[in-house]
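K.L.:
Supplied in structure tokens, the structure appears directly below.
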Amino acid sequence: MTEDSADRVRLEEYSWPEVAALVERDPVAIVPVGAFEQHGDHLPLFVDAHLVGVVAEATALRASTTRQPVVVTPTVWTGYSPHHRDFPGTLTLDDETFGKVVGQVVTSLWFGGFRRILILNGHGGNANLLKNLIQTLRYDQGIKAAFASYWDFALKELADWRTSESGGIMHACEMETSLMLATRPGLVRMDRARDHFLEKSDYLMHDLLSGGPVAIASSFRELSPNGVIGAPTLASAKRGEVLLESIVDAIAGFVRDFAQWPLEIKQEDTE
Ligand SMILES: [Zn+2]
């Protein structure tokens, strides 16, 4: 690793004069947002924060160039997880606090001169709140940021990659367990992994790749005795590496594109 800025993607490693020079080059900033919540008997609490941080950093390293750098902030490690609170160890913010924390990280970047900001999400329960956040940032404050959940970049790849039937990919599942085996195998207890499937429904989501028109707020305790929804027993480290690679590749492709989008917010919109 050289000191070339294309290789330095962690914002925390920069000094302020370096950041002042960095923003002159129209960089992309990625803000990974995770969660701290139960992931069954076989996975640790920081899965979502860990995975989104790994994906964000690998994406930045792949997409960053000396001409137009990509940097990553430290991961916002707490998310919106009241639906996991019945399992001890889960640490959550309420929706208002969560929006403020992420919103103020984004606002600080904007104030520092960053104009291409991607909020990269690693927890399904955060998604609606973060979509709402980018709207209020834009319409109330004139601050423009993009939002995406990392898995949404690779839904087609995920469909080809999976070995589980529908219901196998939701939470602490075939996907998350494989990604953990690929990145932190020492924290995965495969001997404790137990599959759990939701009842198939025409109305409610029962798999990451098959939604339904109806949303309902349930505690995970009501849905799963061990906190798992999906098929972690089908997870594999090798396939986790393959999936991670295609996710990072897809997001890096987006970031390169995003880096070229016009910056069109007009002055009167920022009042
Ligand atoms: Zn998770």
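Computed from the coordinates by the stated procedures, all read-outs in this text should not be read as laboratory data. Not measured: the values here are computed from a predicted model. Cβ atoms come from the backbone with ideal geometry, glycine included; neighbour counts cover every protein chain shown.
K.L.:
Taking Rh as the Kirkwood radius, which is the inverse of the mean 1/r over Cα pairs, what is the Rg/Rh value for the chain?
P.N.:
0.98
K.L.:
Quick one: Ser64, Ser149, Ser210, fewest Cβ neighbours within 10 Å first, how do they rank?
P.N.:
Working: Ser64 25, Ser149 19, Ser210 13.
Fewest-to-most Cβ neighbours within 10 Å comes out as Ser210, Ser149, Ser64.
K.L.:
Follow-up. Can you count the Lys pairs in the chain whose Cα atoms are under 29 Å apart, with each pair 8 or more apart or on different chains?
P.N.:
Step by step, the pairs that qualify in the chain add up to 11.
K.L.:
Let me ask something else about it. Per-residue ellipticity at 222 nm for the chain, helices alone: DSSP H runs ≥ 4 residues times -39500 (n - 2.57), over residue total, nearest 500 deg cm²/dmol? Walk me through the numbers on the way to the answer.
P.N.:
Details: 8 runs with 100 residues, N = 271.
About -11500 deg cm²/dmol.
K.L.:
For the chain, set up a Gaussian network in which alpha carbons nearer than 10 Å are linked by springs, and say which option among Pro185, Pro32, Pro213 fluctuates the most.
P.N.:
Highest fluctuation among the options: Pro213.
K.L.:
May I ask you to compute the full-extension gain from Gln141 to Lys238, defined as 0.36 nm times their residue separation minus their alpha-carbon distance, rounded to one decimal in nm?
P.N.:
30.4 nm
K.L.:
Between Asp152 and Leu263, with labels modelled 7 Å along Cα→Cβ, what's the label distance in nm to one decimal, could you check?
P.N.:
2.4 nm
K.L.:
Rounded to the nearest 10 degrees, what's the angle between the helix 237-258 long axis and the longest principal axis of the chain, both from Cα atoms, 0 to 90?
P.N.:
Taking the Cα atoms of the chain, the angle to 237-258 is about 30 degrees.
K.L.:
At a threshold of 8 angstrom on Cα-Cα distance, excluding pairs fewer than six apart, so keeping six or more, what relative contact order does the chain reach in percent? The partial results should precede the final answer.
P.N.:
On the way: 534 pairs, mean separation 60.7, N = 271.
After rounding, I find 22 percent.
K.L.:
Using only the C-alpha atoms of the range 219-259, find the volume of their convex hull and express it per residue in Å³.
P.N.:
Dividing the Cα hull volume of the range 219-259 by its residues yields 95 Å³.
K.L.:
Can you sort Met175, Met205 by how many other beta carbons sit within 10 Å, fewest first?
P.N.:
Met205, Met175
K.L.:
Still on this model: Given a Förster distance of 30 angstrom, what is the FRET efficiency for Asp191 paired with Thr66, based on the Cβ-Cβ distance and rounded to 0.05?
P.N.:
With R0 = 30 Å, the Cβ-Cβ based efficiency is 0.05.
K.L.:
Let me ask something else. Hey, got a sec? Which trypsin sites (Lys or Arg not before Pro) in the range 59-92 land in a DSSP loop and have at most 12 other Cβ atoms within 10 Å?
P.N.:
Arg67
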